[in-house]
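Working notes, structure below.
The values are calculated or read from the model by the stated rules, or taken from the named source; none is laboratory data. It should be emphasised that the depicted structure is a prediction, and the values quoted were computed from it without experimental measurement. Backbone-built Cβ (ideal geometry, glycine too); neighbour counts: all protein chains shown. Ligands, DNA and RNA are excluded from the accessible area calculation, which covers all protein heavy atoms including side chains. Shrake-Rupley method; radii C 1.70, N 1.55, O 1.52, S 1.80 Å.
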Amino acid sequence: MFKKSRRLLAGIVLLTAGILFMVTGCGKSQTQKTADKYPEKPITYLITFDPGGQSDREARRQQPLLEKILGQKIIIDYKVGGGGAVGWSELARSKPDGYTIAGFNLPHIILQPMQQETGYKTEQIVPVALFQSTPLGLAVLKDSPYKTLEDFLNAAKQKPGEISIGGSGTFSGHQMATLRLEKMTGTKFKYVPFTGSAPQMTAFLGGHVDAVFANSDDLVKQKDKIRVLAFASNERFEAFSDAPTFKEKGIDLVETIDRGVAVPPGTPDNVIKKLEAAFLEIAKNPDIQAQMKKEGFVPIAMGHDECKAYIEKMTGIYKEIVAGLKTN
């Protein structure tokens, strides 16, 4: 009887061990097993804007460092169109295994799905990290009659809808900055959209618009030709230390173009964490930060969870701003 009990006990122990093995090992899905070994092959990094633009230049800066950290080739590919929507739609449809990632921009991925059919939803662009911010500045040419922000706003109140502000695209941070400024100051401007920052700045320098809401790096490039009336940032922008922020002038306007990297919905958590660690290591690199600052960018280092919270916050803000706007 005692021997039978021992055999029964041994059998129970072996059965329990087998079940535990299945749960922790054999019981893993194929996706999870693959994710544990990630990455095992080259990673495609989609850029949704033209080669040579801000998003492309930052990806090229990251590329060799990512290859060193992750131990795999990083292949930069371009899916351009629809203000980024073509590439983000492809990302949303991609296999969620970590081998297709994409640069993304805020507020683009928030505003586009609010206004029209884009082929993706904001929540399908799963953020890994944000690494770069481009504050927007309101600028005029050096020979402009508007010497201060007060001059500019007073003129706008006297001539509603006549003073033009150029920006990059519609339903973009540039247009939102213009709309928010109007709402906060009781003014009305003529917003002139361009297909990108390059034609925007060309038109501005040629005198075809009175002012621009422009990316900080574009303003730095033209520093000798322009006057920045105010920056839509929390703190003064280092390259234009004499230019006040809107906040200093009593206008609670903060508007930036933020850049980051995202993965498709359903990507395993441990893949996201591995990519997050790699991108944040680069974002926190003092040499990389120094290069960004020199070029007119603001380096940031925001991880997955913080990105999600930030996107939710900004979605609430933009929903209120665009209420009532009609898609052109």
- Query: Are there any pairs with C-beta distances below 9 angstrom linking a residue in region 59-72 that is within 17 Å of residue 131 (Cβ to Cβ) to a residue that is crowded, with 17+ Cβ neighbours inside 10 Å and of a type in the set (D, E, K, R), with the two at least 6 apart or on different chains, and if so which?
  - Reply: 70/274
- Query: From the set of residues in region 244-258 that are outside any loop (DSSP other than H, G, I, E, B) and not charged (D, E, K, R), which is nearest to residue 168 (Cα to Cα)?
  - Reply: 257
- Query: Considering 262, 278, which residue is open to solvent by less than 40 Å² (accessible area, probe 1.4 Å), part of a strand (DSSP E or B) and over 23 Å from residue 167 (Cα atoms)?
  - Reply: 262
- Would you point out the residue of region 265-275, among those that are over 23 Å from residue 55 (Cα atoms) and not in a helix (DSSP H, G or I), that is least open to solvent (accessible area, probe 1.4 Å)? 268
- Message: I'm told residue 143 meets every condition in (1) open to solvent by 60 Å² or more (accessible area, probe 1.4 Å); (2) in a loop (DSSP other than H, G, I, E, B); (3) in contact (Cβ under 8 Å) with a residue 24 or more places away in the chain except one. Can you identify the failing condition by its number?
- Response: (3)
- Task: Can you work out which of the residues in region 120-140 that are outside any strand (DSSP E or B) and among the hydroxyl-bearing types (Ser, Thr, Tyr) is nearest to the chain's Cα centre (by Cα)?
- Result: 122
- Task: Pull up region 80-93, narrow it to residues that are among the aliphatic types (A, V, I, L, M) and farther than 12 Å from residue 264 by Cβ, then point me to the one that is least open to solvent (accessible area, probe 1.4 Å).
- Result: 85
- Query: Within the bounds of region 61-70, is there any residue that is assigned to a helix (DSSP H, G or I), touching a Pro at 6+ places or on another chain (Cβ under 7 Å) and under 25 Å from residue 254 (Cβ atoms)?
  - Reply: no
- Message: Please determine whether any residue of region 301-314 is farther than 15 Å from residue 59 by Cα and at pLDDT below 95.
- Response: yes
- Note on the structure: Restricted to region 77-97 and to residues being touching a helix residue (DSSP H, G or I) at 6+ places or on another chain (Cβ under 7 Å) and not small (Gly, Ala, Ser), the residue farthest from residue 171 (Cα to Cα) is 97
- Residues of region 94-119 being part of a helix (DSSP H, G or I) and more than 24 Å from residue 269 (Cα to Cα), in sequence order, are 108, 111, 112, 113, 114, 115
